[in-house]
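Peer 1: Please read through the structure below; I'll follow up with questions.
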Amino acid sequence: MILIGERINAGFKDVKAAVINKDGDVIKEWAKKQTAAGATYLDVAIGTASAKPEDLCWMIDMVQSACDTPISIDINKPLLLKEAIKVCKKPPLVNSTPAIAAKMDEILPIVAEYNASIIGLVMNEEGSPKTVDKRIENAGILMSKAMDYGITPDRVFLDPIVMPLKFMQDQPKIIMQTVSQFTLFSDPPCHIVCGLSNASNGAVHKKLINRVLVAMMIAHGLDAAILDVCDEELVNTILTAELCMNRTLYADSFVEAFRKQG
Amino acid sequence: MQIPDVKEQWPYRINSVTIGATREQGGTRGKTVTVGGQSTLPGLTFEGEIPNKPVIAGYVADVMPDWPEVLTSAIGEEINSPAAWAQKCVSQFGVDLICLNMLGANPDGKNASPPECARVVESILKAVDVPLIIRGCGDEEKDNQVLLECSQAARGENCLIGSAKEKNYRTVVAICKADKHKIIAEAPVDINIGKQVNILLQDSGFDLKDVVMFQTTAALGYGLDYVYTILERARITGLKGDKLMAMPQLCDVGGETWRVKEALADEDVLSGWGALRKRGPLWETACAAAYLQAGADIVILAHPEAMQTIRTTITNFL
């Protein structure tokens with residue numbers, strides 16, 4: 001399972017302040033902590049803290065000075081992406097592009113040039129879809145555009161767009177059906193990712209909702225998630241779900257072995 | 001019609017493990033043996049890289065095993081002396097390594113002392129210059145003492161020492177770390193225990209790159225299919241990226257096959273089964289050939305005819 005650590009996001013107060021005050025230690029600590037927790041990528045999101053490319057580059061520099069974990073660049077403004085991708089030491093994950101032609105034509109060439117991977121959000125000009133069919137349609141558009149630019153399925157991450165359970169309770173079931181269909185798109189299949197924490201927006205039992213939903217989505221074919229990788233119970237749930245799907249080999253100490261693998 | 005390309009692309013490789021140390025490396029071996037390193041399944045050289053062919057280890061023991069005459073006569077008088085036996089294996093039977101089994105240490109048998117066992121190790125090291133595998137007698141308490149002495153006697157030679165098991169691994173790990181030997185990680189025909197043993201070794205600070213896995217071998221007719229499936233699954237899991245399963249595999253074909261009636265009983269007992277003279281070595285050969293297809297990197301063999309045929313198999317098919 002590909003784990004994308006979500007914590008270096010200026011939506012969080014401490015990260016926003018760190019970007020504004022150029023306090024590198026905050027960023028480095030979160031980079032180390034998430035890496036130790038098992039993150040495959042570290043998402044770096046500048047959000048509203050700044051619109052300057054150099055500030056995003058600074059954030060990435062801070063992360064890379066603390067660990068070797070590849071970066072997930074959380075941006076969809078091509079200008080910011082163009083600058084940020086240059087400073088990435090390893091091919092990054094680009095988070096993300098919607099299924100809108102103009103956006104894809106700006107972002108995908110950059111992804112192709114740097115041998116990066118791309119998260120494709122299955123939404124278009126009309127916004128986030130409510131049905132399985134609309135999601136599938138947008139996914140088809142994304143996959144085919146990616147192929148046009150020579151981006152192979154192993155570098156494409158389809159995101160079915162997880163909605164908050166509290167406000168849109170009909171959506172999780174639809175999203176799961178969508179994920180199942182995504183697995184049939186290509187052979188070998190592309191990756192399937194989701195922004196897991198969206199599911200528990202506004203809810204009280206956030207961690208419980210996150211871990212149950214991720215297990216259910218893994219059962220349908222999810223193999224990547226943007227999540228709170230420091231939530232041990234959540235990661236343990238993912239490890240167990242992967243065993244249930246026969247993706248990894250069981251051993252009695254499967255949880256302990258994951259924690260020790262640094 | 002275009003024939004589809006069915007080549008797999010495995011993302012990872014199996015670890016390479018080198019056994020033996022030359023003079024430059026601090027030992028006295030004439031050459032070293034390296035196994036593993038492959039990026040595909042056995043024999044599929046069109047699909048990936050197989051940098052090291054499987055190797056044959058000659059079964060040698062410090063006391064003559066309880067073997068049928070068809071085997072002991074094929075080996076010859078030398079079977080009574082571990083050093084002479086090892087020499088014959090290397091010079092006449094053409095093995096790549098020697099696997100020394102300290103059967104005599106068994107408390108139910110000769111109950112040889114650890115220092116006695118160490119002296120046997122020394123005699124083998126003097127007699128041949130191929131790398132050495134050292135295995136105990138199977139009694140865990142005794143082996144912890146025996147392997148300690150044998151390991152020290154062979155310090156610097158980078159041997160492969162066995163075995164570390166789920167319930168008894170700390171001593172063997174300590175021994176191999178101290179004397180810088182490679183380790184055999186053993187499991188009883190159970191792939192999940194096999195992975196668990198590697199987790200325990202890793203937890204003890206042992207480098208997994210110095211591990212050779214061993215699922216206690218089953219003879220043909222006595223569970224070969226179970227072990228075969230495990231070897232195959234383990235190999236695929238390793239190639240897919242599970243670092244806890246990406247090790248070379250050892251099979252003790254010689255030790256297991258010559259215990260079963262198909263390799264012991266002649267036509268008077270098993271009528272219609274053909275003469276034991278031919279059947280015995282064939283049983284060992286067939287078992288080894290199957291395991292090589294499943295992923296065995298080191299096969300321990302006893303009968304010279306089995307060694308000869310398997311050498312041809314390895315050269316021509318793998």
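Peer 1: Just the residues that are more than 10 Å from chain B (Cβ to nearest Cβ) and either surrounded by 14 or more Cβ atoms within 10 Å (Cβ to Cβ) or part of a helix (DSSP H, G or I) (or both), please, taken from the stretch A:244-257.
Peer 2: A:CYS244, A:MET245, A:VAL255
Peer 1: Looking only at the stretch A:186-218, count every residue that is crowded, with 22+ Cβ neighbours inside 10 Å, assigned to a helix (DSSP H, G or I) and among the hydrophobic types (A, V, I, L, M, F, W, C) and tell me the total.
Peer 2: So the answer is 6.
Peer 1: Given the criteria acidic (Asp, Glu), on the phi < 0 side of the Ramachandran plot and modelled with pLDDT of 95 or more, does B:ASP5 qualify?
Peer 2: no
Peer 1: Continuing with this model, one more query. Being without any contact (Cβ under 8 Å) to a residue 40 or more places away in the chain and either farther than 13 Å from B:LEU318 by Cβ or in contact with a strand residue (DSSP E or B) (Cβ under 6 Å, 6 or more places away or on another chain) (or both) is the filter here; which residues of the stretch B:35-45 pass it?
Peer 2: B:GLY37, the sole residue that qualifies.
Peer 1: Given the options B:ASN198, B:ASN144, B:ASN158, name the one that is at positive phi and crowded, with 17+ Cβ neighbours inside 10 Å.
Peer 2: After ruling out the rest, the residue left standing is B:ASN158.
Peer 1: Give me the residue from the stretch B:21-34 that is touching a residue at least 12 places away in the same chain (Cβ under 8 Å) and farther than 30 Å from B:LYS240 by Cβ and, out of that set, surrounded by the most Cβ atoms within 10 Å (Cβ to Cβ).
Peer 2: B:ARG29
Peer 1: Out of the stretch A:216-243, which residues are more than 23 Å from B:ILE191 (Cα to Cα) and within 14 Å of chain B (Cβ to nearest Cβ)?
Peer 2: Within the stretch A:216-243, just A:ASP223 meets the criteria.
Peer 1: Does the stretch B:217-224 contain any residue that is in contact with a helix residue (DSSP H, G or I) (Cβ under 9 Å, 6 or more places away or on another chain) and at pLDDT 95 or above?
Peer 2: Checking the stretch B:217-224: at least one residue is in contact with a helix residue (DSSP H, G or I) (Cβ under 9 Å, 6 or more places away or on another chain) and at pLDDT 95 or above.
Peer 1: Go through (1) outside any helix (DSSP H, G or I); (2) surrounded by 16 or more Cβ atoms within 10 Å (Cβ to Cβ); (3) free of Cβ contacts under 8 Å to residues at least 40 places away in the same chain one by one and return the number of the condition B:ASP297 breaks.
Peer 2: (3)
Peer 1: Turning to a different aspect of this structure: Tell me, please, whether a residue that is within 14 Å of another protein chain (Cβ to nearest Cβ), of a type outside the set (D, E, K, R), farther than 30 Å from B:THR22 by Cβ and not in a helix (DSSP H, G or I) can be found in the stretch B:176-187.
Peer 2: Yes, the conditions are met somewhere in the stretch B:176-187.
Peer 1: Only one of these is in a loop (DSSP other than H, G, I, E, B), touching a residue at least 60 places away in the same chain (Cβ under 8 Å) and either touching a Phe, Trp or Tyr at 6+ places or on another chain (Cβ under 6 Å) or within 13 Å of chain A (Cβ to nearest Cβ) (or both): B:ALA246, B:ALA234, B:ALA219. Name it.
Peer 2: Residue meeting the stated conditions: B:ALA246.
Peer 1: Still on this structure: Taking the options B:LYS240, B:LYS261, name whichever one is among the basic types (Lys, Arg) and under 30 Å from B:PRO11 (Cβ atoms).
Peer 2: After ruling out the rest, the residue left standing is B:LYS240.
Peer 1: Still on this structure: Being within 14 Å of chain B (Cβ to nearest Cβ), surrounded by fewer than 22 Cβ atoms within 10 Å (Cβ to Cβ) and not basic (Lys, Arg) narrows it down to one of A:THR183, A:THR152, so name that one.
Peer 2: A:THR152
Peer 1: When you scan the stretch B:189-209, do you find a residue that is more than 14 Å from chain A (Cβ to nearest Cβ), assigned to a loop (DSSP other than H, G, I, E, B) and either within 17 Å of the chain's Cα centre (by Cα) or of a type in the set (A, V, I, L, M) (or both), even just one?
Peer 2: Yes; the residues of the stretch B:189-209 include at least one that is more than 14 Å from chain A (Cβ to nearest Cβ), assigned to a loop (DSSP other than H, G, I, E, B) and either within 17 Å of the chain's Cα centre (by Cα) or of a type in the set (A, V, I, L, M) (or both).
Peer 1: Then there is this: Restricted to the stretch B:59-113, and to residues that are of a type in the set (Val, Ile, Thr) and in contact (Cβ under 8 Å) with a residue 24 or more places away in the chain, which residue is nearest to B:PRO304 (Cα to Cα)?
Peer 2: It comes out as B:ILE75.
Peer 1: Within the stretch A:27-44, is even one residue under 14 Å from the mean Cα position of the chain (by Cα), assigned to a loop (DSSP other than H, G, I, E, B) and modelled with pLDDT of 95 or more?
Peer 2: yes
Peer 1: Could I ask something else about it? The conditions are (1) assigned to a helix (DSSP H, G or I); (2) more than 17 Å from the chain's Cα centre (by Cα), and A:LEU81 fails exactly one of them. Which is it?
Peer 2: Here A:LEU81 meets the rest and fails (2).
Peer 1: Would you call B:LYS31 modelled with pLDDT of 95 or more, in a loop (DSSP other than H, G, I, E, B) and more than 12 Å from B:GLU157 (Cβ to Cβ)?
Peer 2: So B:LYS31 passes the test.
The values are calculated or read from the model by the stated rules, or taken from the named source; none is laboratory data. Keep in mind that what you see is a predicted model, and the values were worked out from it rather than measured. We place every Cβ from the backbone using ideal geometry, glycine too, and count neighbours over all the protein chains shown.
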